[in-house]
1. Residue by residue through the range 273-298, note down the ones that are free of Cβ contacts under 8 Å to residues at least 24 places away in the same chain, assigned to a strand (DSSP E or B) and within 12 Å of the ligand (Cβ to nearest atom).
2. Got a sec? Which of Gly32, Gly43, Gly58 is in contact (Cβ under 8 Å) with a residue 40 or more places away in the chain and of a type outside the set (S, T, N, Q)?
3. Conditions first: (1) touching a Ser or Thr at 6+ places or on another chain (Cβ under 9 Å); (2) closer than 20 Å to Ala27 by Cβ. Ala88 passes all but one, so which condition is the exception?
4. Which members of the range 308-326 meet the condition of being closer than 18 Å to Asp212 by Cβ and either open to solvent by less than 20 Å² (accessible area, probe 1.4 Å) or outside any strand (DSSP E or B) (or both)?
5. Of all residues in the range 103-114, how many are open to solvent by less than 20 Å² (accessible area, probe 1.4 Å) and either among the charged types (D, E, K, R) or in contact with a helix residue (DSSP H, G or I) (Cβ under 8 Å, 6 or more places away or on another chain) (or both)?
6. Could you please find all residues in the range 116-160 being more than 18 Å from Ala27 (Cβ to Cβ), open to solvent by 30 Å² or more (accessible area, probe 1.4 Å) and outside any loop (DSSP other than H, G, I, E, B)?
7. So how many residues does the range 41-71 have that are assigned to a helix (DSSP H, G or I) and of a type in the set (Asp, Glu)?
8. Would you check which residues across the range 210-235 are open to solvent by 10 Å² or more (accessible area, probe 1.4 Å), touching a residue at least 12 places away in the same chain (Cβ under 8 Å) and out of contact with any strand residue (DSSP E or B) (no Cβ under 6 Å at 6 or more places or on another chain) and list them?
Amino acid sequence: MPRTILVYAERRDGQLRRVAFEALGAARRLAGEDGAVHAVLAGSGIVADDAAALQARGADVVHIADDPSLGSYAPEAYFAALRAAMDAVRPDALLLGHTAAGRELAPRVAAAYGAGHVADVIAIEPDGGDGALFVRPLYAGKAFERRSLAAGHPWVITVRPNNLPPAEPGDAGGRSGSGSVQALVYAPPPLLTAVRGVLRRAGGQLDLAEADVVVSGGRGVRSAAGFEPLQALAAALGGAVGASRAACDAGYCDYALQIGQTGKVVTPQLYIACGISGAIQHLAGMSQSRTIVAINKDPDAPIFGIADYGIVGDLFEVVPLLTDEILRSRD
Ligand code: FAD
């Protein structure tokens, strides 16, 4: 059955996020050959390249809300932009990234439109008929739920970054070049809060949620300086550094790096846990990683229970060896 799907093409720091392309790929498959995929770009000073990138990857129509009120993320403003897009498109489904903004906007839109809402989707499967099953993890990844959505109501779906195949340039196929760009009728709402400035941490790293490789440190890292070998390994692999809560609580690193039940959820291709025991609350944030490597000097550490590869040893010996080997293999 052809469907009309709307994708919220999230941008950050003036760039489209990779999860926008992952949502777009899912939208193209959900829409079907004869369906339509629309994308909404919201921000201030949106460049034509972003619309073109979405069209090249399968968006039939790109709707743009370009306004100074959308310069910094403000939930009221972005919600208003999404409403304008929902009203213009009347889609069967809205897809967003399961990001901080997506998690905030999706339930608002679902409530406003009486839509069925499924959050944190990691796979979309055929249901044997006309519909789709949305797979989401439960209980820190110990179980999976497959949800279908009632026909006749819109759906609002958030997709977890790094799980669905992204739409690639050329996925537009025969549609290429036929798409249009339209300005949304967007009236800036009164903002209840205003961003006065953003202070960036020096040496900001890759977004943990979208990194392909994450090297994480736990209490076993012992100090802030103990994170340096992990940073070197992450740099060699083009990845980001994460941490357990114990490492954050001990002041070895910033809470922004915390992975787990009360931290970030990551699903990289490769997760390297260094000096992390593997408490259930930590696993909640990383157990869906494609390949897990654990380095721990305790052979009975629970992390080895979910690791694909385990190295029993002192992280301060093993991590530099790994880094050297990776750098040498490039020479
Ligand atoms: P530890 O459990 O102390 O493990 C340290 C490990 O390092 C040990 O296995 C040790 O063998 C190893 N080690 C020591 N030295 C070396 C060395 N030189 N080389 C190699 N290995 C070494 N935790 C999270 O991570 N994320 C969360 O979001 C989170 N949320 C929580 C929410 C709640 C409500 C609660 C109650 C807890 C939460 N926790 C969370 C805490 C969690 O229960 C654990 O306490 C925490 O994950 C332990 O961190 P750790 O593995 O770094 O430390």
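The values are calculated or read from the model by the stated rules, or taken from the named source; none is laboratory data. Source: prediction; values computed, not measured. Here Cβ is always computed from backbone atoms with ideal geometry, including for glycine, and neighbour counts include all displayed protein chains. Calculation scope for accessible area: heavy atoms of the full protein, side chains included, ligands and nucleic acids excluded. Shrake-Rupley method; radii C 1.70, N 1.55, O 1.52, S 1.80 Å.
1. Ala294
2. Answer to the check: Gly58.
3. Ala88 satisfies all of (1) touching a Ser or Thr at 6+ places or on another chain (Cβ under 9 Å); (2) closer than 20 Å to Ala27 by Cβ except (1).
4. Filtering the range 308-326 down to residues closer than 18 Å to Asp212 by Cβ leaves 308-309, 322-323, 326.
Of everything in the range 308-326, those that are closer than 18 Å to Asp212 by Cβ and either open to solvent by less than 20 Å² (accessible area, probe 1.4 Å) or outside any strand (DSSP E or B) (or both) turn out to be Asp308, Leu322, Thr323, Ile326.
5. Total satisfying the criteria: 2.
6. Leu138, Tyr139, Ala140, Ala143, Phe144, Glu145, Arg146
7. So the answer is 2.
8. Scanning the range 210-235 gives Glu210, Asp212, Arg219, Gly220, Arg222, Ser223, Ala224, Pro229, Ala232.
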